[in-house]
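The values are calculated or read from the model by the stated rules, or taken from the named source; none is laboratory data. As the structure is a prediction and not an experimental result, all values here were calculated from the model. In this analysis, Cβ positions are derived from the backbone assuming ideal geometry, glycine residues included, and neighbour counts consider all displayed protein chains.
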Amino acid sequence: MTSAAKDAWIDASMRVAVRVRRVLLVSVVLIGAFLRSTTLVHGAEVSGTVLRVADGDTILLLTTDGRRQSIRIAGIDAPEPAQPFGRESRAYLARLVAAGELRAECPKTDHRGSIVCKVWARPTDCSTCAQTVDIGLAQIAGGMAWWYRRYGLEQSSVDRARYESEEQAARSNKRGLWVDAKPVPPWDWRRGQ
């Protein structure tokens with residue numbers, strides 16, 4: 001190979017390397033922007049507007065900074081959509097969050113990578129009130145979800161006592177899913193699928 005050919009080959013290789021670096025840099029920037037727009041870091045406190053209620057314990061939120069975020073409600077497990085009371089649980093949650101604005105404290109990410117949050121909504125009968133209704137507790141009180149005892153130690157002692165008490169009251173008063181003699185908890189139902 002002549003010296004001129006070698007120089008031309010090196011020059012072409014350098015141009016290709018520069019292009020590859022540019023493509024990689026643009027890709028990294030775009031991927032980073034996408035991840036920032038779709039995922040919260042656990043431990044975050046967020047607020048936003050409800051876009052959709054997926055099921056009795058999952059909400060899609062448009063955060064105040066423009067991110068779309070799926071949020072699992074901490075401390076509860078609601079019937080799956082195909083289970084008895086699955087649709088009713090989703091509809092009940094939709095009514096609880098009908099005011100649209102929520103705030104959430106998101107201390108963890110679950111085994112599926114979902115953000116798990118304690119969520120508060122504005123009372124449906126007060127358009128000027130702050131977000132003070134604990135949505136997880138309200139789902140339990142309405143008989144639309146179980147208190148997820150497995151994760152009870154992740155809750156404050158006050159929340160554990162309140163969630164357990166509301167589940168007992170819902171059971172005793174046969175509210176929601178407790179009208180069934182032996183409702184199947186979603187964690188058992190999922191195992192059977």
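Details
- Some residue of the range 121-132 being within 17 Å of the chain's Cα centre (by Cα), in the same structural domain as A91 (by TED's automatic domain parsing), in a helix (DSSP H, G or I) and closer than 17 Å to I71 by Cα: no
- Residues in the range 91-120 that are over 22 Å from P79 (Cα atoms) and among the polar types (S, T, N, Q): none.
Yes or no, residue by residue, for (1) outside any helix (DSSP H, G or I); (2) touching a Gly at 6+ places or on another chain (Cβ under 8 Å); (3) assigned by TED's automatic domain parsing to the domain that holds K118:
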{"position": "Q139", "(1), (2), (3)": "no, yes, yes"}
{"position": "G143", "(1), (2), (3)": "yes, yes, yes"}
{"position": "Y151", "(1), (2), (3)": "no, yes, yes"}
{"position": "P183", "(1), (2), (3)": "yes, no, yes"}
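- Members of the range 21-74 found to be of a type in the set (G, A, S) and either modelled with pLDDT under 50 or loosely packed, with under 13 Cβ neighbours inside 10 Å (or both), listed by number: S27, G32, A33, S37, G43, G66
- Cβ separations smaller than 6 Å between residues 6+ apart or across chains give the following pairs from the range 79-90 residues that are more than 19 Å from G192 (Cα to Cα) to residues that are crowded, with 19+ Cβ neighbours inside 10 Å and hydrophobic (A, V, I, L, M, F, W, C): S89/A78; S89/M144; R90/V53.
- When F85 is tested against (1) touching a Leu at 6+ places or on another chain (Cβ under 8 Å); (2) at negative phi, exactly one condition is not met: (2).
- Filter result for A98 (under 17 Å from A54 (Cα atoms), surrounded by fewer than 19 Cβ atoms within 10 Å (Cβ to Cβ), among the small types (G, A, S) and modelled with pLDDT under 95): yes
- Here the range 169-181 is the region considered, the condition is being in a helix (DSSP H, G or I) and more than 16 Å from S89 (Cβ to Cβ), and the residue that is nearest to the chain's Cα centre (by Cα) is A169.
- Which listed residue, of S172, S157, S165, is out of contact with any strand residue (DSSP E or B) (no Cβ under 6 Å at 6 or more places or on another chain), within 21 Å of K108 (Cβ to Cβ) and free of Cβ contacts under 8 Å to residues at least 60 places away in the same chain: S157
Results for (1) buried (at least 16 other Cβ atoms within 10 Å of the Cβ); (2) among the aromatic types (F, W, Y); (3) over 20 Å from P186 (Cβ atoms), shown as yes or no for each residue.
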| residue | (1), (2), (3) |
| --- | --- |
| C126 | no, no, yes |
| T132 | no, no, yes |
| G136 | yes, no, no |
| E154 | no, no, no |
| S165 | no, no, yes |
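- Among the residues of the range 83-113, those identified as under 15 Å from G56 (Cα atoms) and among the small types (G, A, S) are G86, S89, A91, A94, A98.
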